[in-house]
Amino acid sequence: MAGSKRTIILILIFVILFPVPDLYGKGKNEELEVYLKNLPAEKRDEISRVAEDYTIHAGLEEETFYTDHVTLEYLIKRPPLTAAILRELGIRDYEITMDKGGTFHLDDRRGVTAEFEQIYTAPWKRVYYGKGRYKIRLLPGLVINMAGKGIVILEYTKDDEGEDSPLYINLSFYGKTESKVLDSIVRIFVTIANLLMDQKMSSYISDIRYISEWIHEDPEEVYKKIEESEHISKEELIEYRRIFLSKHKTPAIK
């Protein structure tokens, strides 16, 4: 144990005295420019600082969802409701709420807390920006409470209009830590940090895939599991029925 502590101290001394050069973002990020140009100047400048000098860049490409556009849009547009459905189905214990200003508050119960907002929306695309904390284990004995700001780009596509044609999801994350010392530590272990972020994002996507495919295949079964939920309102149940059960027998709401 003492040896591990000495190693950590030596690493900290090294990164403070000899910060490593930037390994990732430096300069204009063309991928993000199109999403930022219509934002207010103050918000655009704040987000550009993350986009142009990010510490971590993680991404998932072409994740396949055997669901339909309506179901996926339904879940993406309603983060608090999606989290509530995931809890009711016993898939994951996320908590997401939204305040009156439209900011979402996330606690994934597995080390991540965050506040985020949607900054860009278009058909088949969403961009989010926020700040958060992630308790991350870089090496045995080296656990860092990583805090910073991040940008998430979510895109989805479909090969053709066939009912059984799957959707393909692309997810990118750009993150910047909140302090120079922490930034230097993460840059040294950037491969590990990126891998851990990839795993975290993959877990989120897997949860959304599971629930979207379940609703797509059997919306009535899902409804039966959520209709007594204390976390889902009558209005949300009515909307679910309108979207997914309009061609089915509609049970009465108690």
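Some values worked out for this structure:
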item	result
Distance violations [Cα-Cα > 23 Å] among LYS125/LYS149; LYS100/LYS224; LYS135/LYS180; LYS176/LYS200; LYS43/LYS200	LYS100/LYS224; LYS43/LYS200
Two-site FRET efficiency, ASN145 against GLU117, from Cβ-Cβ distance with R₀ of 30 Å, rounded to 0.05	0.85
Additional length obtainable on full extension of the chain from ILE243 to VAL34, 0.36 nm per residue less Cα span	72.0 nm
Whole-percent carbon and sulfur share, accessible surface of the range 70-194, 1.4 Å	52 percent
Gain on full stretching of the segment that runs from ILE205 to THR191 - 0.36 nm per residue minus C-alpha separation	3.0 nm
Diffusion coefficient, µm² s⁻¹, Stokes-Einstein with Kirkwood Rh over alpha-carbon pairs of the range 21-137 at 10 °C and 1.306 mPa s	97 µm²/s
Projected label distance in nm at GLU230 and SER179, using a 7 Å step from Cα toward the beta-carbon	3.9 nm
Residue-span extension gain [ARG110 to ARG78] - 0.36 nm each, minus C-alpha spacing	9.4 nm
Protein-only accessible surface order, largest first, of ASP107, ASP160 at 1.4 Å	ASP160, ASP107
Shape parameters for the range 78-124, alpha-carbon atoms, Rg then Dmax in Å	11.6, 32
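The values are calculated or read from the model by the stated rules, or taken from the named source; none is laboratory data. As the structure is a computational prediction, the values presented were derived from the model and not from experiment. Virtual Cβ from ideal backbone geometry, glycine too; neighbours counted across all protein chains shown. For the accessible areas, the whole protein counts, side chains as well, though only heavy atoms, and no ligand, DNA or RNA atoms are used. Shrake-Rupley method; radii C 1.70, N 1.55, O 1.52, S 1.80 Å.
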